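A quick write-up on the structure given underneath.
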Amino acid sequence: MAVWSIDVASQMQSKECDMSSTGDKISGLANQAAGKVKQAAGKATGSEKLRAEGVAQEVKGHAQETKGDAKGAVKKAIDRA
């Protein structure tokens, strides 16, 4: 499962340059999930490096999700104008 989650996040990141707000949110959620899996794997194996990578990936996911929320808000504001 961990490998699948990480691969999905990597694939989502490669398409990031022209993503919609929904795409950013999905990519963010995928990175958050992959980060949590890495953290759990790092904790289970005693790998501080893997755990730290997981924390970083989860934080990146939160940032992507926030970016998607911001894009959505701007789009709504423009559509109302």
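The values are calculated or read from the model by the stated rules, or taken from the named source; none is laboratory data. Everything quoted here is computed from the prediction, not taken from an experiment. Cβ coordinates were reconstructed from backbone atoms using ideal geometry, including for glycine residues, and neighbour counts include every protein chain displayed.
Details
- The residue that is nearest to the chain's Cα centre (by Cα), among those in region 46-81 that are at pLDDT 95 or above and not in a helix (DSSP H, G or I), is S47.
- Among the residues making up region 37-73, those that are surrounded by fewer than 17 Cβ atoms within 10 Å (Cβ to Cβ) and within 27 Å of T22 (Cβ to Cβ) are V55, A56, V59, H62, A63, T66, D69, A70, G72, A73.
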